[in-house]
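Undergrad: Handing you a structure now.
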Amino acid sequence: MDSLLLPGCMDISTLQLEESLLDFIRHLSAKGGLLASISSSPYLLAKAGVLQNKKYTVGLPLDGMKQLGCFELHNYSDELVVQDGNIITAKGRGFIPFGICFGHALKLKFDENWY
């Protein structure tokens, strides 16, 4: 299965104009690839348009999400990790359950209690 793991970073906005990255995200999503995004990086999924009609979470404040203007706020969830189809999103502090969810989505065999 094709997959993409997007980590968060301190200033994700530096990537917002990288059309080749946004195109790659759109292409992978259209192919049904698994997109896993944590912390601030779900912003790139929203900017690419792949969060439309999808339940998601993100590690950004609500005011920041509104200001960015690309999030469907009615689909936002305050859960640590959210999976909707081929898209997994998480808040940064949910990195352990996010990793477990990503591993299961990839059908990997692993000990969930290793951490």
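Undergrad: Which three extents, in angstrom, do the Cα atoms of segment 41-101 have along their principal axes, listed largest first?
TA: Between the extreme Cα coordinates on each principal axis of segment 41-101 lie 30, 22, 18 Å.
Undergrad: Let me ask something else. Relative to the longest principal axis of the chain, what angle (0 to 90°, nearest 10) does the C-alpha long axis of helix 95-105 take?
TA: Helix 95-105 sits roughly 70 degrees off the main axis of the chain.
Undergrad: Have a look at Gln83, Gln67, Gln52 and tell me which one the Gaussian network model of the chain (Cα, springs below 10 Å) gives the largest fluctuation.
TA: Highest fluctuation of the listed residues: Gln67.
Undergrad: Here is a follow-up. Could you check what % of the DSSP bridge pairs in the chain are antiparallel, to the nearest 5?
TA: 30
Undergrad: Where is the GNM fluctuation largest for the chain (alpha-carbon springs, 10 angstrom cutoff): Gly94, Gly69, Gly33?
TA: Judging by the Gaussian network model, the answer is Gly69.
Undergrad: Something else now. Report, by chain and number, residues whose modeled amide H sits under 5 Å from the one on Cys70, excluding near sequence neighbours (fewer than 5 apart, same chain).
TA: Sorted by chain and number, the residues that satisfy this come to none at all.
Undergrad: Are there GluC sites (Glu not before Pro) in segment 7-96 that DSSP puts in a loop and that have at most 14 other Cβ atoms within 10 Å, and which ones?
TA: Here the GluC sites (Glu not before Pro) that fit, given the DSSP loop and packing criteria, are Glu18, Glu72.
Undergrad: In degrees, nearest 10, range 0 to 90: what is the angle between the Cα axis of helix 19-30 and the longest Cα principal axis of the chain?
TA: Helix 19-30 and the main axis of the chain meet at about 50 degrees.
Undergrad: Find the relative contact order for the chain and round it to a whole percent, using C-alpha pairs within less than 8 Å whose residues are 6+ positions apart.
TA: Averaging sequence separation for qualifying contacts and normalising by length gives 25 percent for the chain.
Undergrad: Show which lysines lie in cross-link reach of Lys47 when reach means a straight Cα distance below 20 angstrom and same-chain residues fewer than eight apart are skipped.
TA: Within reach: Lys31, Lys55, Lys66, Lys91.
Undergrad: Heavy atoms only, probe 1.4 Å: what % of the accessible area of the chain goes to carbon and sulfur, would you let me know?
TA: Carbon and sulfur: 54 percent of the exposed surface of the chain.
Undergrad: Then there's this: For n ≥ 4 DSSP H runs only, could you compute -39500 (n - 2.57) per run for the chain, divide by its residues and tell me the 222 nm figure to the nearest 500?
TA: After summing the helix terms and dividing by residue count, I get -9000 deg cm²/dmol.
Undergrad: Hey, another quick one. Taking N as the number of residues in the chain, what value does Rg over Cα atoms divided by 2.2 N^0.38 Å take?
TA: 1.00
The values are calculated or read from the model by the stated rules, or taken from the named source; none is laboratory data. Bear in mind the structure is a predicted one, so any value in this text is a computation, not a measurement. Neighbour counts run over all protein chains shown; Cβ positions are idealised from the backbone, glycine included. Surface accessibility is based on the protein's heavy atoms, side chains included, excluding ligands, DNA and RNA. Shrake-Rupley method; radii C 1.70, N 1.55, O 1.52, S 1.80 Å.
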